[in-house]
Number of protein chains: 2
Amino acid sequence: MNEEALRVTYRLRTGSEGAGQRARTLALEQSIEMPVEAVTDERVLREVVAQVDGVVPQPDGSALAQLALSAESIDGDAGQLLNMLFGNSSLHGDVEVAAVEVPPAMAAAFGGPALGIEGIRKLARAPRRALTCTALKPIGSTVADLARMTGVFADAGIDVIKDDHGWSARTSASFEQRVTACQREVERANRGRSGQTLYAPALSGPFEAQRRQVHFARDHGVQAMLVTPMIAGVANFHALRHDFREIAFLAHPALAGNQMAPEALLGTLFRVFGADAVIFPNHGGRFSYSRATCQRIATCLREPRPGLRPALPVPAGGMSVERVPEIVADYGVDSMLLVGGSLLMARDQLAARSREFVEAVAMASGAMTA
Amino acid sequence: MNEEALRVTYRLRTGSEGAGQRARTLALEQSIEMPVEAVTDERVLREVVAQVDGVVPQPDGSALAQLALSAESIDGDAGQLLNMLFGNSSLHGDVEVAAVEVPPAMAAAFGGPALGIEGIRKLARAPRRALTCTALKPIGSTVADLARMTGVFADAGIDVIKDDHGWSARTSASFEQRVTACQREVERANRGRSGQTLYAPALSGPFEAQRRQVHFARDHGVQAMLVTPMIAGVANFHALRHDFREIAFLAHPALAGNQMAPEALLGTLFRVFGADAVIFPNHGGRFSYSRATCQRIATCLREPRPGLRPALPVPAGGMSVERVPEIVADYGVDSMLLVGGSLLMARDQLAARSREFVEAVAMASGAMTA
């Protein structure tokens, strides 16, 4: 296996079976799916079968196995990468993906974010501070309610207003209605001021519907989209990113599961596949990620990598305005804070609460960069 | 919530938190994603918020929570169904999908299999016996090797010869090369005999590439395709099924994970979304599904449902010719046995071993229907 292999660390919880044997079985399962004794092609044995580079027992009784997967079997296809990484083994109960190392040439071929952190800053005209994001909720609202909410958020100066990821294409407010009404509110609020609020509608449905949605939105002035790669199919997300290089793609973690380490899937792979910003559940909210996990996600999204722009970490999931100083201190200014339902709890004080959010982030950013 | 709701049973492993409270939190997470106190629209509270219909403690300390999810939020979109079913909650460690009940109108709108068991029997001209299936392995083989293998399998009378799901579109044998060479072998073997072997090449890449692949394959006489819905995106699989109603779609479980009960995802949902046959790991092979789980998958695929054709269960994953009588006894004749790597272990005895497989299935089927 050469330096262009995908290097993966799996956590094995083998019980009685030896970890070394389990790692070798895993290497076959995630490559040729047959016993080596049955392989007659020498090249396949040499270049296609996944290799076990090491197995390290851990204090908790699990073991970390390092495998090298052939770049040839991945073939520049994001879906095929997930397939070779974890397709069959995801059905097993005793193995998780702990870390993924994408070699530079493979990462460059996927291309990563087209805009990245700097591109989103330019669109929002928000240099050198943490950004703010909120969500249009609840699904089922009328388009009039959504437009009103969008206007309030945009007037407060929130940088990105995204659809809840549960919005489908039709129903109470269709994709086209949302885009028309919400983008109009955003553009009204943006006139004559320096900061530019972005509206990010949610893509849904099969690929061709999603592409039509991006076309429609772009034609209406929209510059950002919310996408759920694990539902859309990562290869389709990657294809959209390729076709619409001027759009900022915010990736949502829905259906990412808990069998692949979030830093590997949401951090490393979502960035490689082209997410400009990645939403993930911050620690201490409704979800169970630890602070260390969240820090690792942010690191994987932002660490310098040759030929790959950094992507914006978007901690979310039950966050509140009260926690802004702590979150900005955690992630620094190259991040975007997503506060959703907690703002709406203010009900008729929504405008004031939204301004508090924007001001708290500006103040905490100032403290960071002073 | 009316009778058109999607009824879902979740298994909660709540630990110290009460299961009743956890079920209510789950209902919000999988619908409006915000506290009910912040909702101002009465219709949303009445019709869109998911409802908890019951919570039943289990002997093992877990609890089964029955929820009703609004059909409106699913909107006839397979991806959106998974999103509402498990999008955010898949990130949690304390909840699994145990069962899914798709209401008849929703199932009929998705449409289910276009061919189903009877359609596959017609294509293969294989009435009233269990069917046989094998896989072209290993990835990385030359197209000449694949064609030779296909010829041997087809001459032995195996009903379906599928690509390994790890085949990507390009590399050592491209999709187009495989289709051209393997379909030619199958057609040569099929001439002048009653049984008709089907070649099922594997789809990969983004949706548009997959659609081009189906067009190319169909133009070359191919009547069956292998698809991995969880990698392609279920909405895209559903779109392909809709566009190509004469093709038999074999669904592969890669990336299905272990957080959703296999009978719910591979059984109920893959059938509703349109799989004509569903491959799943049989008990006692390389995977850890129990016999009871496998039986439930087969039941969900085949049980009579108004307006929905039955789909063919394809037990697989480390099966051998020796186990044929037991597997046919387990699943009956409305099933297809997939034996892959174990045949290839025969190496230069591949033809004889393949015939043994076909004969063993015919004999076991005869015993069942005698």
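The values are calculated or read from the model by the stated rules, or taken from the named source; none is laboratory data. The shown structure was predicted, so the numbers you read here are calculated from the model rather than taken from an experiment. Cβ: placed from backbone, ideal geometry, glycine included. Neighbour counts: every protein chain shown. SASA here: full protein model, heavy atoms, side chains in, ligands and nucleic acids out. Shrake-Rupley method; radii C 1.70, N 1.55, O 1.52, S 1.80 Å.
For the reader, a short list of remarks on this structure follows.
- Condition check for B:GLY340: more than 30 Å from B:PRO103 (Cβ to Cβ), modelled with pLDDT under 95 and touching a Cys at 6+ places or on another chain (Cβ under 9 Å): yes
- For first residues located in segment A:338-357 and of a type in the set (S, T, N, Q), partners that are in a helix (DSSP H, G or I) and lie 6+ apart or on another chain with Cβ distances below 6 Å form the pairs A:SER354/A:PHE153; A:SER354/A:LEU343.
- Test: residue in segment A:95-104 that is over 24 Å from A:ARG296 (Cβ atoms) and open to solvent by 10 Å² or more (accessible area, probe 1.4 Å): no
- Residues within segment A:331-370 that are part of a helix (DSSP H, G or I) and on the phi < 0 side of the Ramachandran plot, tallied: 27
- Residues located in segment B:275-293, provided they are in contact with a strand residue (DSSP E or B) (Cβ under 9 Å, 6 or more places away or on another chain) and either within 21 Å of B:VAL160 (Cα to Cα) or among the charged types (D, E, K, R) (or both): B:ALA275, B:ASP276, B:ALA277, B:VAL278, B:ILE279, B:PHE280, B:PRO281, B:ASN282, B:GLY285
- Just so you know, in segment B:280-315 the residues that are in contact (Cβ under 8 Å) with a residue 60 or more places away in the chain and buried (at least 24 other Cβ atoms within 10 Å of the Cβ) include one that is farthest from B:ALA108 (Cα to Cα), and it is B:VAL314.
- Test result for B:ASP334, within 17 Å of the chain's Cα centre (by Cα), away from chain A (no Cβ under 12 Å) and farther than 29 Å from B:ASP77 by Cα: yes
- Residues located in segment B:126-161, provided they are open to solvent by less than 10 Å² (accessible area, probe 1.4 Å) and of a type in the set (D, E, K, R): B:ASP159
- Leading residue by the ranking (nearest to B:GLY18 (Cα to Cα)) among those in segment B:36-49 that are open to solvent by less than 40 Å² (accessible area, probe 1.4 Å) and under 37 Å from the mean Cα position of the chain (by Cα): B:VAL49
- Cβ separations smaller than 9 Å between residues 6+ apart or across chains give the following pairs from segment A:158-178 residues that are within 14 Å of chain B (Cβ to nearest Cβ) and within 18 Å of A:VAL339 (Cα to Cα) to residues that are among the basic types (Lys, Arg) and assigned to a helix (DSSP H, G or I): A:ASP163/A:ARG178; A:TRP167/A:ARG178.
- Annotation note: of B:VAL52, B:VAL8, the sole residue that is open to solvent by 10 Å² or more (accessible area, probe 1.4 Å), of a type in the set (Val, Ile, Thr) and more than 12 Å from chain A (Cβ to nearest Cβ) is B:VAL52.
- Residue match in segment B:20-33 (condition: more than 8 Å from chain A (Cβ to nearest Cβ) and open to solvent by 60 Å² or more (accessible area, probe 1.4 Å)): yes
- Residues of segment A:194-219 classified as more than 13 Å from chain B (Cβ to nearest Cβ) and either within 29 Å of B:PHE237 (Cβ to Cβ) or without any contact (Cβ under 8 Å) to a residue 24 or more places away in the chain (or both), total: 8
- Some residue of segment B:79-90 being surrounded by fewer than 17 Cβ atoms within 10 Å (Cβ to Cβ) and not basic (Lys, Arg): no
- Flag not set for A:ARG178, criterion: surrounded by fewer than 23 Cβ atoms within 10 Å (Cβ to Cβ) and either touching a strand residue (DSSP E or B) at 6+ places or on another chain (Cβ under 7 Å) or on the phi < 0 side of the Ramachandran plot (or both).
- Test: B:ASP330 is closer than 18 Å to B:PHE237 by Cα and acidic (Asp, Glu): no
- Long-range neighbours under 8 Å by Cβ, at least six apart or interchain, first residue under 16 Å from B:VAL39 (Cβ atoms) and within 14 Å of another protein chain (Cβ to nearest Cβ) within segment A:121-149, second of a type in the set (Lys, Arg) and open to solvent by 20 Å² or more (accessible area, probe 1.4 Å): A:GLY140/B:ARG43
- Subset tally (residues that are within 14 Å of another protein chain (Cβ to nearest Cβ), open to solvent by 10 Å² or more (accessible area, probe 1.4 Å) and more than 24 Å from the chain's Cα centre (by Cα)) for segment A:57-72: 1
- With a requirement of 1 or more residues that are more than 14 Å from every other protein chain (Cβ to nearest Cβ) and within 16 Å of A:ALA78 (Cβ to Cβ), the strands (runs of 3 or more DSSP E) lying completely within segment A:231-330 that satisfy it span A:248-251.
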